[in-house]
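Asker: I'd like to ask some things about the structure below.
The values are calculated or read from the model by the stated rules, or taken from the named source; none is laboratory data. Just so it is clear, the model here is predicted, and its values are computed rather than measured. Glycine also receives a Cβ, built like all others from the backbone with ideal geometry; neighbour counts cover every protein chain displayed.
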Amino acid sequence: MAYLARKVIKGITYYYAEEKERRDGKSRRKWQKYLGSLDKIIEAVEGVPPKPDYAEIFQLGAPAAYLYASQQINMIQTLDAVFSKRNQGPSIGFYLTLAAINRGINAVSKRSMWSWFQDTIMLRAFPEVNKTSLSSQRFWDNMSAITENKMKEAWTKLIDCVLEQEEIDLSCASYDGTNFYSFVGSFNTRCTIAKRGKNKQGRSDLRQINYALFCTRKDHFPLYFDVFEGNRHDSKEFSVVIDNFFKAFQARIPQRGGMTIVFDKGNNSEENLKKFIQGSGFHFVGSVKPDDHKDLALISNNDKCFKPLSHPRLDQVKAFRTSKNIYGKELTVVVTFNNKLYSSQVQSINNEINKALGKLAVIAGKLDDRIAGRVTKGKKPTKASIKSQVSAALSGQHMKKLIKTTIDEHNDIPMLTYSMETDEFAKLADTYLGKNIIITDNHSWDTEEIVITYRSQYVIEDVFRQMKDRNTGSWWPMYHWTDNMIKIHGFYCSLSLLLRALIMKRAKDSGMPMSINRLHDTLSGIREVINIFPNKKNKQQTQTVVSKLDNTQKRLFDLFDMKQYLSS
């Protein structure tokens, strides 16, 4: 039977729990356990918790969600099956998967990868990884073993795995291209991909990389991608990439209705449309430039042929349908007028007019000052130089039609007059503005289905906006300057898009549809906290808890099985 024993050491009373037994006819201590001073015993009885020395906090939500998604499709194992290497250190599949996860959460340079990695729960998911194995040099050593053909093979295997596991709707896919400016030096001869071209973010002074992507209309799953020269035109790239896409997905075309590719007017050409052979199972929905089909563009927006569309997603849209031979093919044509688009374009046109008039006013004012003798120094203007300045001022779309300019001379000095062409503005507003001309070879589709499918092009544009987002985007930073490394960079950025689509689909299927930014914000609030208590007998005691979660975070915690990644 146990009892309390008291000891006084240096004037302080300590208590022990003891039990005795008889051995060899004598009373001997069977066991003894130290309980502490009276204050400590009272604290223990009253349930006062011990105070930890410090706490370690790790990112749990987002890393766990991305890691869970990668494990669901066996990403590391699939990549390793293609990119084999000696059994030395982490595999190439690990490095690519880690880079993809990092790109989706908080893109950093390879030099900063360990600093990010050690603050996440992946530190315990991959205990064999250390600072040395995550150095930038180790990344480059492993990436240098990857070739372009192997990348395509690995991507195909991953997509096959996803399509087998997930119910992905392949009836409609969007295609588009974008570009990313880089800081590759002008005199770098080792890089042929980074070229100067028309940059979509206004950085034409820098060399850029072009990126093309096919993704599904539903769930935004990336199906196929390509990284190519920054100065190659979209329509030329489309001619190449569409052949590769057809080869990769010919066997996966839905039996009913086939697969429809949606692309914008920049990819139109007779050669490209001829690739959609009748009976191949591939169809298209696109658009044409109004200036190329003035017989349709000049129809008044108030013409009786336009009929309102009843679909809830087509509010304030009206359309008429016809057929026309375009690029040697008899196509169904739907001309739409969108009142919201019209209002936006009118505002844009007015802004362009105000900017153009402001520039013309400056040019005219300087000429008036010279005529009046207020300005005598500097190079004397000529009709040719003023004409060039006026042309630059009116470079905006439609400006040369909407603003009339006249250049005369007074005492051998040019004189500029200008005025608004109100009739031309009224004609433009009644015909071109708010109008789209949609073309398709899906002749059996109804008008509303054609319009809704064309408008799904926003899906891929939204993906590109995400990739370029400086906070949650996947492309930047890009510290590469050779062709192969840039293509590998595009590869793991695309892997990141694939993981992101899987996470979004899981959340949506579980009744939690939300934007990627909101999902990331919600996941980032889920943290693991490890309390570290004072050492006792050279044994460190720890306690693992999760930060306070709201209802949505609790559901995400269970959905992505985050408990498995917690410290035991």
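This table checks each residue for (1) within 14 Å of residue 160 (Cα to Cα); (2) assigned to a helix (DSSP H, G or I); (3) within 20 Å of the chain's Cα centre (by Cα).
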position: 205; (1), (2), (3): no, no, no
position: 211; (1), (2), (3): no, no, yes
position: 219; (1), (2), (3): no, no, yes
position: 224; (1), (2), (3): yes, no, yes
position: 228; (1), (2), (3): no, no, yes
position: 232; (1), (2), (3): no, no, no
position: 237; (1), (2), (3): no, yes, no
position: 243; (1), (2), (3): no, yes, no
position: 251; (1), (2), (3): yes, yes, no
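Asker: Please name all residue pairs, on different chains or six or more residues apart, with Cβ atoms under 6 Å, provided the first residue is in region 230-250 and is buried (at least 18 other Cβ atoms within 10 Å of the Cβ) and the second residue is assigned to a loop (DSSP other than H, G, I, E, B).
Answerer: Partner pairs satisfying both residue conditions: 230/194; 230/197; 242/275.
Asker: Among the numbered criteria (1) out of contact with any Lys or Arg (no Cβ under 9 Å at 6 or more places or on another chain); (2) in contact (Cβ under 8 Å) with a residue 12 or more places away in the chain, which one does residue 87 miss?
Answerer: Just one mismatch for residue 87, condition (2).
Asker: I've got another one for you. Would you kindly identify the helices (runs of 4 or more DSSP H) lying entirely within region 393-509 that contain at least 3 residues that are touching a strand residue (DSSP E or B) at 6+ places or on another chain (Cβ under 9 Å)?
Answerer: 447-455, 458-468, 483-509
The rows are residues; the columns are (1) over 20 Å from residue 99 (Cβ atoms); (2) among the basic types (Lys, Arg).
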| position | (1), (2) |
| --- | --- |
| 140 | no, no |
| 147 | no, no |
| 162 | no, no |
| 171 | yes, no |
| 180 | no, no |
| 190 | yes, yes |
| 211 | no, no |
| 239 | yes, no |
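Asker: Criterion first (in contact with a Gly (Cβ under 8 Å, 6 or more places away or on another chain) and at negative phi) does residue 494 satisfy it?
Answerer: Answer is no for this residue.
Asker: Of all residues in region 255-274, how many are farther than 19 Å from residue 289 by Cα and more than 27 Å from the chain's Cα centre (by Cα)?
Answerer: Residues in region 255-274 being farther than 19 Å from residue 289 by Cα and more than 27 Å from the chain's Cα centre (by Cα): 4 in total.
Asker: What's the total number of residues in region 523-568 that are outside any loop (DSSP other than H, G, I, E, B) and either in contact (Cβ under 8 Å) with a residue 24 or more places away in the chain or in contact with a helix residue (DSSP H, G or I) (Cβ under 7 Å, 6 or more places away or on another chain) (or both)?
Answerer: Counting residues in region 523-568 that are outside any loop (DSSP other than H, G, I, E, B) and either in contact (Cβ under 8 Å) with a residue 24 or more places away in the chain or in contact with a helix residue (DSSP H, G or I) (Cβ under 7 Å, 6 or more places away or on another chain) (or both) gives 20.
Asker: Something else: What pairs can you find where one residue is in region 300-314 and on the phi > 0 side of the Ramachandran plot, the other is at pLDDT below 95 and outside any loop (DSSP other than H, G, I, E, B), and their Cβ atoms are less than 8 Å apart, with a gap of 6+ or different chains?
Answerer: As it stands, the answer is none, since no pair meets every condition given.
Asker: Does region 122-145 contain any residue that is farther than 16 Å from residue 490 by Cα, in a helix (DSSP H, G or I), among the acidic types (Asp, Glu) and more than 24 Å from the chain's Cα centre (by Cα)?
Answerer: Scanning region 122-145, I find at least one residue that is farther than 16 Å from residue 490 by Cα, in a helix (DSSP H, G or I), among the acidic types (Asp, Glu) and more than 24 Å from the chain's Cα centre (by Cα), so the answer is yes.
Asker: Can you tell me which residue among 295, 264 is free of Cβ contacts under 8 Å to residues at least 24 places away in the same chain and not hydrophobic (A, V, I, L, M, F, W, C)?
Answerer: None of the others qualify; the one that does is 295.
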